[in-house]
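What follows is a single structure, written as structure tokens, with notes after it.
The values are calculated or read from the model by the stated rules, or taken from the named source; none is laboratory data. Keep in mind that what you see is a predicted model, and the values were worked out from it rather than measured. A quick note on method: Cβ atoms are made from the backbone with ideal geometry, for glycine too, and the neighbour counts reach across all protein chains shown.
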Amino acid sequence: MSEPSFTVGIIGAGTMGSGITTVMVRSGHRTVLRDTNAECLVTGGHNVARFLDKSVSIGKMSSAEARRAKDNLVLSAQDADLSECDVVVEAIHEDLKAKQELFRHLSDVCKPETLFHTNTSTLSVTAIAAGASNPERVVGTHYCNPAPLMKLVEVVRGQLTSDDTYSRTIGFIASLDKKSVTTKDVPGFIVNRFLIPFENNCIRSLESGVGTVESIDLAVRHGLRHPMGPFTLLDIVGLDVHRAVSLSLYEQLRDPRFAPPPLVERMVAAGQLGRKVGQGFYNYDQAGLIGT
Amino acid sequence: MDAINRVAVLGCGTMGCGIAQVCALAGHDVVILEVNKERAAAGFEQLAGSMNAAVDRGRCSIAMRDDMLNRLHPTISVDDLSESDLVIEAVVENLEVKKEILRAVANVVSPEAIVTTNTSALSVTRLAAIMPNPQRFAGLHFFNPATAMKLVEVVRALQTEESVITALISFVQRVGKVAVEVGDSPGFIVNRLLLPYLNDVIQAFDEGLASAADIDTALELGLGYRVGPLSLLDLIGLDVHEHATRNAYDATLDQAFAPPPLLTRMVSAGRLGNKTGVGFRTQKEEA
């Protein structure tokens, strides 16, 4: 017996958009990946194919399954291709106006029962929904990066999200072999709500000389049994990304725990953004850890 | 030269037993000091039980168990600590109780002995100040359960001399643990980071962010934490967390350590977590 199959639209073919697309096609849903930038669209399609090929090569998936998944993917530059979608997932850049306009536009293009999902991580789902002509159809579905590997999806009910939209969304997420948790529409939802102040607290502890980069990482790994130390994690996430998320949450909450500590500002100003540039809290040059 | 061979552990509650076990398993002779014979016997029974369980699970041979138990020397006489190279105090988190036992120990150990406290809530510097040789005093903070948790915070009081820190770090490594050196600031490293996070979760839960189960699931799956924060609180004991965070708050007046109202209410109601069967996750109505 096969799971019910949906037609899904993904808007934005960046890291999150292509990752979410991989999740959809792998779950047997016909998926239209849409990006206004043709180059980005092609890259996104390649990333989906590459992930599926890798899954085959490490034995996570048969080549027939990968082929079926790839057959589910449609790359599109046309809005008309979204008209039949049961679910549209927005994964464009974190810009409130752009997201509002997108959903207003989609309200005209899509069926009246189409579910509108936003993958925002820092903006208010309620505010994004306010741009749509039918805000009751908008709900937040926040996937974690990398989407094909991470089990969690935070389902965020906006102020105006209807019960029907919410319950159909929970059923849809279950079809993706993901675990959903339900959270209120508050900045940071659950994961970032607690991760960002924790990381900033680690950075402030470093600033105030309570420990070193190494000792704090060791203490958190072995004393709290986190899978990696906070500075190792921040170097992977990127100091610029951490700063942007912190600042966005701080501006919404006006709570100093979310404010990027001065050390983050200095590191970003100095271009010490973490692994991607070879220098963050750790230096990755000698270790030869720089990759693409 | 600070060779540490003979170890003494003060108190055989949960932490004291765990620390004694770690030291004995690493080959040290361990004197365990308790206030009366009953408690000393109970502590020894607990250790023997834990070793028997390890034998049953095939994680330890009978010879290893006997060898280890032979290295444990429960006593109620402080004079038996006179030969100790290292003393680890693990009695109740009460300043007066700790002061009294530490003074008694100071009278019998050699001036060169290193005396440490496993406190997580009190100032190590303040305890060092009552010792005749405060430069030989430091914090040695093990985590619960001591046998399983790899980390030990080696806490430098204002008075602690360098050779003591060096000797303790190498001792910690020899018993198979990871040592981090920390200054004597409230919460050291781990609790300084953990307590505000747990308080934050309790407050957000009280404000209706999400269900207790969903908060735990989000942090377990989203961040790879082994145990979600509300399950962790049930495990630690809400009273234990409340005591620790209140102490840190009193020492710093930092809002982040202030016990959230829901925590205080739950402690008042006797909902202390796993040990009472009701906490954030252990009661059906709460989960």
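Taking residue B:226, is it surrounded by fewer than 17 Cβ atoms within 10 Å (Cβ to Cβ) and touching a Lys or Arg at 6+ places or on another chain (Cβ under 6 Å)?
It is true that residue B:226 is surrounded by fewer than 17 Cβ atoms within 10 Å (Cβ to Cβ) and touching a Lys or Arg at 6+ places or on another chain (Cβ under 6 Å).
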- line: Taking region A:167-179 and keeping only residues that are touching a residue at least 60 places away in the same chain (Cβ under 8 Å), charged (D, E, K, R) and either within 7 Å of another protein chain (Cβ to nearest Cβ) or in contact with a Leu (Cβ under 8 Å, 6 or more places away or on another chain) (or both), one is left with A:178
- line: Within region B:255-268, restricting to residues that are assigned to a helix (DSSP H, G or I) and within 23 Å of residue A:257 (Cβ to Cβ), the one that is nearest to the other protein chains (Cβ to nearest Cβ) is B:256
field: Qualifying residue in region A:251-264 (condition: without any contact (Cβ under 8 Å) to a residue 12 or more places away in the chain, surrounded by fewer than 17 Cβ atoms within 10 Å (Cβ to Cβ), out of contact with any His (no Cβ under 7 Å at 6 or more places or on another chain) and farther than 14 Å from residue A:188 by Cβ)
entry: yes
message: Name the single residue that is farthest from the chain's Cα centre (by Cα) among those in region A:70-95 being farther than 20 Å from residue A:135 by Cβ and of a type in the set (A, V, I, L, M).
response: A:80
message: Anything in region B:139-158 that is facing chain A (nearest Cβ under 8 Å) and of a type in the set (D, E, K, R)? List them, or say none.
response: B:150, B:153
field: Subset of region A:170-205 [more than 30 Å from residue A:256 (Cα to Cα) and either of a type in the set (A, V, I, L, M) or more than 17 Å from the chain's Cα centre (by Cα) (or both)]
entry: A:170, A:171, A:172, A:173, A:174, A:175, A:176
task: Find the residue count for region B:180-193, including only residues that are more than 7 Å from chain A (Cβ to nearest Cβ) and either hydroxyl-bearing (Ser, Thr, Tyr) or under 20 Å from residue B:216 (Cα atoms) (or both).
output: 1
- prompt: Of all residues in region A:134-166 being closer than 22 Å to residue A:113 by Cα and part of a loop (DSSP other than H, G, I, E, B), which is farthest from the other protein chains (Cβ to nearest Cβ)?
  reply: A:134
message: Given the condition surrounded by 18 or more Cβ atoms within 10 Å (Cβ to Cβ), within 20 Å of the chain's Cα centre (by Cα) and of a type outside the set (Gly, Ala, Ser), answer yes or no: does some residue in region A:50-59 qualify?
response: yes
query: Any idea how many residues of region B:7-25 are surrounded by 17 or more Cβ atoms within 10 Å (Cβ to Cβ) and either part of a loop (DSSP other than H, G, I, E, B) or of a type in the set (D, E, K, R) (or both)?
result: 2
From B:85, B:67, residue being crowded, with 18+ Cβ neighbours inside 10 Å and within 22 Å of residue B:24 (Cβ to Cβ): B:85
- request: Check B:209, B:195 and return the single one that is at pLDDT 95 or above, touching a strand residue (DSSP E or B) at 6+ places or on another chain (Cβ under 6 Å) and within 18 Å of residue B:256 (Cβ to Cβ).
  value: B:209
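For region A:180-254, list the helices (runs of 4 or more DSSP H) that sit wholly inside it and hold at least 2 residues that are among the β-branched types (Val, Ile, Thr) and more than 10 Å from every other protein chain (Cβ to nearest Cβ); which are they?
The qualifying helices (runs of 4 or more DSSP H) are A:191-207, A:230-237, A:239-253.
Listed here are the residues, each with its yes/no results for (1) free of Cβ contacts under 8 Å to residues at least 24 places away in the same chain; (2) closer than 21 Å to residue A:245 by Cβ.
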position: A:93; (1), (2): no, yes
position: A:98; (1), (2): yes, yes
position: A:106; (1), (2): no, no
position: A:122; (1), (2): no, yes
position: A:130; (1), (2): no, no
position: A:133; (1), (2): no, no
position: A:141; (1), (2): no, yes
- request: Evaluate region A:89-100: report whether one residue or more is of a type in the set (D, E, K, R), farther than 26 Å from residue A:248 by Cβ and buried (at least 17 other Cβ atoms within 10 Å of the Cβ).
  value: no
message: Can you list residue pairs whose Cβ atoms sit under 8 Å apart, with the first residue in region B:69-97 being among the polar types (S, T, N, Q) and the second being part of a loop (DSSP other than H, G, I, E, B)? Count only pairs 6 or more apart in sequence or on different chains.
response: B:75/B:34; B:82/B:109; B:82/B:110; B:84/B:109; B:84/B:113
task: Considering only residues that are among the hydrophobic types (A, V, I, L, M, F, W, C) and touching a helix residue (DSSP H, G or I) at 6+ places or on another chain (Cβ under 7 Å), look in region B:159-179 and name the one that is farthest from the other protein chains (Cβ to nearest Cβ).
output: B:164
Filtered residues of region B:1-14 (kept if within 14 Å of residue B:87 (Cα to Cα) and modelled with pLDDT under 95): B:2, B:3, B:4, B:5, B:12
Matching residues, region B:177-193, being touching a residue at least 24 places away in the same chain (Cβ under 8 Å) and not in a helix (DSSP H, G or I): B:177, B:178, B:179, B:180, B:181, B:182, B:183, B:184, B:186, B:187, B:188, B:189
- line: When (1) closer than 15 Å to residue B:142 by Cα; (2) crowded, with 21+ Cβ neighbours inside 10 Å; (3) of a type in the set (D, E, K, R) are applied to residue B:234, the one that fails is (1)
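Could you identify the single residue in A:92, A:128 that is farther than 23 Å from residue A:259 by Cα and assigned to a helix (DSSP H, G or I)?
A:128
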Failed criterion for residue B:271 (all others in (1) assigned to a helix (DSSP H, G or I); (2) more than 21 Å from the chain's Cα centre (by Cα); (3) buried (at least 16 other Cβ atoms within 10 Å of the Cβ) hold): (1)
- request: For region A:6-28, indicate whether the set of residues that are touching a helix residue (DSSP H, G or I) at 6+ places or on another chain (Cβ under 6 Å) and of a type in the set (D, E, K, R) is non-empty.
  value: yes
field: Residue list for region B:194-234, filter: assigned to a loop (DSSP other than H, G, I, E, B), touching a residue at least 12 places away in the same chain (Cβ under 8 Å) and at the interface with chain A (Cβ under 7 Å from one of its Cβ atoms)
entry: none
